[in-house]
Amino acid sequence: MKKKSSGQKKRDKEKGQQVDSSDVIQFHIEDKADKTKKKGKLVRKKKRNTGQNEAESAQIDGLHSEVKEGFGEQNGAYTEGENKDSKLNKKRRKTEKLKKARSGKSVELDSISEDDFKEEKGKSRKACKKDRVTSGKEHKSQEKKIEAEQIEVYELSSGDEDYSRGMKKWITEYHQSRPGLKMLQQQIDDFITAYEEKEEQARREREALAAEGGWTVVIHHKGRKKTTDTETGVTVGSVAQAVVLENMAKKKNKGVGLDFYRFQKREVQKNGMPNVLLIISFFSYEVLLVDILIERNMLSFLLTKSLPRLIFSYFNLEMLILGYCETSKSSLKSTGSRVTWDHII
Amino acid sequence: MEADALTDSRNLKVNDLLKDIRIDYGSLSKPVDDFVSSIRIAIDATPEDSKVTSELAPSFVEDIGADKVEFSFKKPNGFSLCGSYSTRSMAKPDACVDLLVHLPKVEWSTLQNEARKPVLVVFPAKKLDQFPGFSVRIIPSATSLFNVAKLSMSRNNVRSLSGDGVPQPTPTYNSSILEDMFLEENSELLKKTFSEWKELGDALILLKIWARQRSSIYVHDCLNGYLISVILSYLATHGKINKPLSALDIFRVTLNFIATSKLWERGLFFPPQSENRVSKEEKMQFRELFPVVICDSSTLVNLAFRMTSVGFHELQDEVSSTLKCMKLRDGGFEEVFMTKIDYPVKYDHCIRLHLKGKTAASMSGFCLDNECWRTCEQKVHSLLQQGLGDRAKSIRVVWRNTNEDWHVESGLSVFDREPLFIGISISSIENAFRTVDIGPDAENKIEALRFRKFWGEKSELRRFKDGRIAESTVWETQQWTKHLIMKQMIEYIFKRHLSLSSDDIVQLVDQLDFSLIYGDKDPISTSGNLLQAYEIFSKCLRQIEGIPLKVSSVQPLDSALRFTSVFPPEPHPVAYEKIDVRRLHKLMPSCIPTMEVMIQLEGSGNWPMDELAIEKTKSAFLLKIAENLQNIEGIPCTATEDNVDVFIGGYAFRLRILHERGLNLVKRDTGADPVRQVSFTDKMLFFRSQHASMINGLQGRFPTYAPVARLAKRWVAAHLFSGCLAEEAIELLVAHVFLTPLPLGVPCSRINGFLRFLRLLADYDWMFYPLIVDINNDFGRNDEKEINDNFMSSRKGYEQDRQNISSAMFLAAPYDKASEAWTTTSPNLPEQKRLAAYARSSANVLSKLVLQEHNDSVQWECLFRTPLNNYDAVILLHRDKLPYPRRLLFPSELNKGKHVARGKASTAFNPFLLPGDLKRSNEALKNKLMVDFEPTKCFMSGLQASEEFGTLKPWYDHIGGDAIGLTWTKHNSKKRERDEEEVETNPMEMLKAVGEMGKGFVRDIYLLKPPRLL
């Protein structure tokens, strides 16, 4: 059943195509009419502009030839030895000839590499399987049809008089997108003000809602969590993150080796000893140790250089402690944030 | 457990391979028998005692210098099949049966037959479909034809070889004749060993497959199938391999034996058949005469008499790298048996020498003790070894003399038509790029004289920093052409010592460099400037005071800052703090590319939470920075809503801010809270910065990495794949070539590295394997498992629908184990297939160019010139509207298909600043300079954004091509398909609309193939 229906579809489509192609011819006739009109307009416009553009176009002409010289330089030595004084026209003709010769050569070569490619493609196509063969035939007939049709080539204008499409449009857009720093700053300030107002509005609405109903809407407070240390700019964890960490740690309490953080490994290689960073983990006795130290008012001791190794050797811990020491005991307990040891020293 | 599974899978693969390669002898035996009997009939038909004179092959007879050439034909005494057919160990696709023809006893003693042993290859008149290429080689053998005593190693049998009138021994010549005499006996012995031991035969097949994949050891002065079977049978007769071993085990034992056995130094001696034992003196003699000795049971012949010491070293090297591969986690099946190691991919520096007509003249004949071609090989090798010294790790000189269309009649002089091939492995880039070679001290008179004699006028006496005065050679060159130093040296050596002309020396070193040249030089030469400007810029950024949050770090993102950009920007005279009028010149580009630089700010809690707001805040910061730079430091800036570009030192840098908030989550992504997804922009920035720093480290470790990456990028773009394969993905692919080179060494030249990149792209099995790029060499088992899990989940949909996979190319890097960064959406499966097909054809062309003679530069261009008729439609652009017209490799033209539209060029844009512009004020001039303006990009994004062109897939070159290919595709979603059925758009109209969209830029549009009916 399915096969049949798909076959039918195909046939239907073919019909559609045929109809279309007859349409094409009509379109083209219309096109022609259109074009002649357009051309007329263009000519008029151009005439108006010529006066202004003359000087510029002469310059452009000169540049063109320079650009072409550029090509010559790149593509081989065929502009070499040519007299600079010789007329531009001459030069152009010559280069064009050479180019033709070149491209002729290249066509042959292409066919070589292409044959190669076709072989490969053939294989992959086989893998791609099935019904292409039949569609291929259809192709050929279509191709022939298209070649047989002798329609004249559609002319595109340079688009210079029209800002809606093409090169002119892209250039205009480019310049419009760069109105200057001041302007842009203004735009962004406007956006941010609007954004803040919107936020403020939302906040007020929430509060109003709370006041009206006598109920308090409890929202998880997202913002303003301390994510970085204000002085150093080093990233520190927030409470929630600490919890996540703790959970993770609980899951796999073991297996955290010295090289848990890869950069640490590199650090060790670089410095020969791992006392650059301290790790405090929240699930084993290191915490206790620090607690004890703090309680005994030994924090200052903690902040001396020799400590990491001291702890290390004294308790025979197998793990060093990745960064951390904030000055207050409470924040230590609650946040478990990290600071590089370098900063403390 | 896991290891078991892996070895199991390897055994499975090996067995499959054997099944594929083995030949069905049941069906082969009949044709072979028929064939042999028809040959017998043909020979029988020749009348006995018919005269054989030199006229049958005059040049051959003349070239071997025979003086008596009156023979009468005697019928052979018999025929016997030998070689791999007789031991049932033929390996497809070789299908050649060796037939020994026993020559009858005649008086031949004075004939200098040796040379070069013509062998008659007979093909059946009717091709056997089952065995393509089936043929029979008829090898004359001469059992007990000659007096063995006369052929002893110390006797002379070539009259013309004498020093001062005293005949000199001719061991090679003698061995060659002895080989013929004992051919039959030895092949009988092999038959006996191999019959009834299936595993041994299988191991032989495996070894043959292995050796055949390695062109550098499967040649005349190293291994061949016969020698492998001899070595195997030696191991079997000496109890080194036992019956219970599997074929693969025997394979491994044999390789181990070749690589490490001490026996090679003493020589391998088969147990003698008769009572005559090999005396100590004889053994000594063998070892002195030949680098490798495998003496057969007759005790008279060294079967390995052709093997040279260079060949044997090469063999041992290959064996040890194969053993390394076998220790890989997956058993290395691909590397050992399936990877082709031909000369172009093995050697960094390949050379072809044309010596046509130069050999025989320089020596006194074709065949003395050794053939002249072998002598020539040795000479070239020793010259190079002396000249290159520690620059070369190994040098291989091979001259193939077996033309396929050779006839005995044409003699030996045609053998030098093929060029002599030299392959050099470079020891290290540091050595290869050295500009001064210090020779012996001036006081050491003898050595100094020798040095002078070798180098001629190139050697000069120099005083060095440490006070030493020594002979030396200096190879002065610019930084960016240092890879040509060896080329220069080698050319000098050959010209001096072999009196060759430059045309006779073809060195494959710089043939691809044309694709990287901008103007008249490689733009990489200005990279020093670029890095300086970057340093200054990053210092400036860090010192900025007047912004709320200070800049805490600056990191480069652009590939130009890690030397892997095809065209690193050149300093532009207008992009300076102060424009120096003297620097302004005529041909100044009107466009300047930008290089992205990432900064991080000090931490703050005041950032908004909303993604859009974050981006806006970033822009606000960037604008503040720009204002600061401009007002306080006097550094000009220009900005759009999203980008801030800074002009400094002739370059344009574009700033990006990485917001740290997401970073912690990126680092331990597994535990991330799904609600707080990292914003896409920040994630990409993170990937890019990690990638940039790792690749930068890598290119420091491997100096050839950067040029190879540039070639690879150029190739991908030149074949209009810019939209499919991200530059970073290309960098990772090339990184893989350098990080996982087995079974080869690390590539040390551009052509070699580029070829390996192409082969990787062509041959890798992307569907079933992830490509793991372990840049820092620190992936553990867990990482690999994680990558594999990610890979499996990307292939989940495959079972139901072959098209339904994400990441058709799965690239895992240390910063991205899930392949999220570069290849999630593109290339898709068809694009990947197309890429592989192009890569394969380019790789084949490149290999051919290295090995064979087409050293026309046009041929090399082929690699970068994409055939335009592979597209359904082609858009050609106005070349003088491209922003960087000098980057264009070849102007594209097309004279096929239907010319749909022709467009005029816009006058609004010019790739160079007009002379009128130069007269403007500095401020206005700066505004004229367009930053990162890419018409092709604008055109493409317009094309892709529009629904109207949903069925068109564009292929383009973002570096600077003037052609865009278009193919028709199916619509992705089913819903669209339904729509399409209703409104079938006409292809011509659609192409016209495309042209309208690129007005002023589009030159011509051609339709080659109308869309397929779906």
Listed with the fewest Cβ neighbours within 10 Å leading, B:Thr170, B:Thr640 appear as B:Thr640, B:Thr170
Subtract the Cα-Cα distance of B:Glu185 and B:Glu288 from 0.36 nm times their separation in residues, and report this length gain in nm to one decimal.
34.5 nm
For the pair B:Lys280 and A:Arg204, how long in nm is the line joining their label points, each one 7 Å along Cα→Cβ?
11.3
Note: the stretch B:816-971, point scatterers on Cα, Debye, no solvent; log10 I/I(0) at q = 0.13 Å⁻¹ equals -0.85
Expected sort for B:755-761, B:277-283, B:962-968 on mean C-beta neighbours within 10 Å, highest first, is B:755-761, B:962-968, B:277-283
Can you give the Kirkwood hydrodynamic radius of the stretch B:376-526 from its Cα pairs, in Å with one decimal?
17.9
Sorted from largest down, give the three principal axis spans of the alpha carbons of the stretch B:438-571, whole angstrom values.
74, 41, 18
Would you please classify the overall shape of the stretch B:707-808 from the alpha carbon gyration tensor, given that a ≥ b ≥ c denote the square roots of the eigenvalues, rounded means a/c under 1.5, and beyond that prolate means a/b larger than b/c while oblate covers the rest?
oblate
Between B:Phe514 and B:Met609, what length in nm is gained on full extension when 0.36 nm per residue of separation is reduced by their alpha carbon distance?
29.1 nm
Expressed in angstrom, Rg and Dmax over the Cα atoms of the stretch B:501-555 are 21.1, 70
What is the Å³ per residue value for the convex hull set by the Cα atoms of the stretch B:833-912?
131
Based on the Kirkwood radius over alpha-carbon pairs, what value in µm²/s does the Stokes-Einstein equation return for the translational diffusion coefficient of the stretch B:671-767 at 20 °C and 1.002 mPa s?
145
Suppose R0 equals 41 Å; then what is the FRET efficiency for B:Lys340 and B:Val474 from their Cβ-Cβ distance, rounded to the nearest 0.05?
0.55
Additional length obtainable on full extension of the chain from B:Phe680 to B:Asp763, 0.36 nm per residue less Cα span:
26.6 nm
At B:Lys19 and B:Ser195, where each label point lies 7 Å from the Cα along Cα→Cβ, what is the point-to-point distance in nanometres?
2.9
For A:Ser164, project a label point 7 Å along Cα to C-beta. Then give me every residue of the stretch B:988-1012 with its amide nitrogen under 13 Å of that point.
B:996-997
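By count of other Cβ within 10 Å, fewest leading, how are B:His585, B:His878 ordered? Don't skip to the answer; put the middle values down first.
Working: B:His585 9, B:His878 22.
Listed from fewest to most nearby Cβ atoms, that is B:His585, B:His878.
Relative to 2.2 N^0.38 Å, what does the C-alpha radius of gyration of the stretch B:197-255 come to as a ratio? Two decimals please.
This ratio for the stretch B:197-255 stands at 1.07.
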Obtain the nm distance between the two label points defined at B:Lys539 and B:Asn242 by a simple spin-label model: each point lies 7 Å from its Cα along the Cα-to-C-beta direction.
7.4
Debye sum, Cα scatterers, the stretch B:166-289, no solvent: what log₁₀ I/I(0) at q = 0.14, 0.20 1/Å?
-0.72, -1.39
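Just so you know, all these numbers are worked out from the coordinates, no wet-lab data involved. Quick caveat: nothing in here was measured; it's all calculated off a predicted structure. Every residue, glycine among them, receives a Cβ derived from its backbone with ideal geometry; neighbour counts consider all protein chains shown.
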